[in-house]
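Let me begin by presenting the structure, written as structure tokens, before commenting on it.
Just so it is clear, none of the values below were taken in a lab; they were calculated from the coordinates. Keep in mind it's a predicted model, so treat the numbers as computed, not measured. Note that we place each Cβ from the backbone using ideal geometry, even for glycine, and neighbour counts take in every protein chain shown.
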Amino acid sequence: MNKIAIDLGSSVTKIYKIGSGIVLVEPSCVAVNTADSTVKAIGKDAKQLIGKTSDYTTTVFPVFEGEIVNEKLATTMLNHFLYKAGVKSGAEAVFCVHCGFDAGQKALYQKIASGCALRKVSFVESPILAGLGDDVPFTVYEPAFCIDIGHGVTDIAAFSSDGIIAGISMNVGGGSIDVHIIDHIADLYGIKIGSLTSESVKVNVGSLYDTDNQSMIVNGRDIASGKPCSKVVYAPNLFFPLQTHVDKVIEYALLVLGKLPAEVSAVIRKNGILLTGGMAKLAGIREYFEEHLQMEVHVGDEPQMSVILGGGRIVGNPDLLRRVRAEV
């Protein structure tokens, strides 16, 4: 069966193929020769070049904060991924998209799909797919609530099997936290680190437990002398940049919750909230959300895969797909 789901993310692209499961997870980046605009590397090979290339090579992220910013490279990248995943021409595809997906974005996705020889393309917002991927029960009578924290975008929505009831997409995610960590470490330790190191620090040391004592050695450039140097970074010293961004997500989650009809609020209060995306694996984040939202928060075993797993389920369920797909 030639049906696939595609999560064309700001940081990582994932592809699910009916009958095979998740067949590709690769960084959404392309290394380009600036002299003649030729592509040098795509995906994980391109990401490994970040910060290590000459002036004649630049790394491009065709999707930024959930939106396609370079249609040509996005098409080239997705074509490469589809070929690598063994997806045949003419596949039926469901794209995972953020809340507030509009007609302009739809046109870009359709052009990319056409350039990749995909057919019968549909679009579904990520909170609904995350609910499906994590087996959260929801019907037209029993809505659910999801906070999906991605790399470039956080989607927050209440939804039922009829679609989104209320939702919002905000430009806060793992990527903005990485940038804040780079600046924070520079101010605190006097060392300049790169984006890959910042991401590693966040994953390995980042914590919202204010008593966490984890640490790691980071390598970078001493800001004062310009020489290579190493510093030990401790979890408590990362609390501020993490808290700043997570508090912003909580602020917007409360705004969405405040717009819901009373009956919907009652169901969500009873059933709790689903937290997904790569940031859901951050130490202490579930407890932090529970404390500030005053309700139970559920995190699956692989929250970074929730959306694409839901995409795989919905591409094989045409009846549900017709009800929840984004119509713009």
With +1 on the Cβ of every Lys and Arg and -1 on the Cβ of every Asp and Glu, and nothing else charged, how large is the dipole of segment 174-241 about its Cα centre, in debye rounded to the nearest 20? 280
Under 10 Å from the Cβ of Asn271, count the other residues' Cβ atoms, weight Lys and Arg +1, Asp and Glu -1, and hand me the total. 0
Efficiency of FRET from Cβ geometry, Tyr209 and Ala262, R₀ 30 Å, rounded to 0.05: 0.30
Say each of Glu290 and Thr244 gets a label point 7 Å from the Cα, pointing the same way as Cα to Cβ; how far apart are those two points in nm? 2.8
Say a paramagnetic label sat at a point 7 Å from the Cα of Glu327, along Cα to Cβ; which residues of segment 68-94 have their backbone N under 20 Å from it? 93-94
Over segment 65-213, volume per residue of the alpha carbon convex hull, in Å³: 167
Please name which of Leu132, Asn171, Ile15 has its Cα lying farthest along the dipole of the chain towards the positive end, using unit charges on Cβ (Lys, Arg +1; Asp, Glu -1) and the Cα centre as origin. Ile15
Sketch the reach of a paramagnetic label on Val232 as a point 7 Å from Cα along Cα-to-Cβ, and name the residues of segment 197-224 whose backbone nitrogen lies under 15 Å away. 213-219
Between segment 214-250 and segment 136-167, how many Å separate their Cα centres? 33
Charge tally in the Cβ shell below 11 Å around Val12, where Lys, Arg are +1 and Asp, Glu are -1, Val12 excluded: +1
Under a plain spin-label model, where a point goes 7 Å from the Cα along Cα-to-Cβ, how far apart in nm are Met216 and Lys52? 1.7
As straight-line cross-link partners of Lys227, the qualifying lysines (C-alpha separation under 26 Å, not fewer than 8 residues apart within one chain) are Lys47, Lys52, Lys192, Lys202
State the Cα centre-to-centre distance between segment 277-315 and segment 55-97 in whole Å. 25
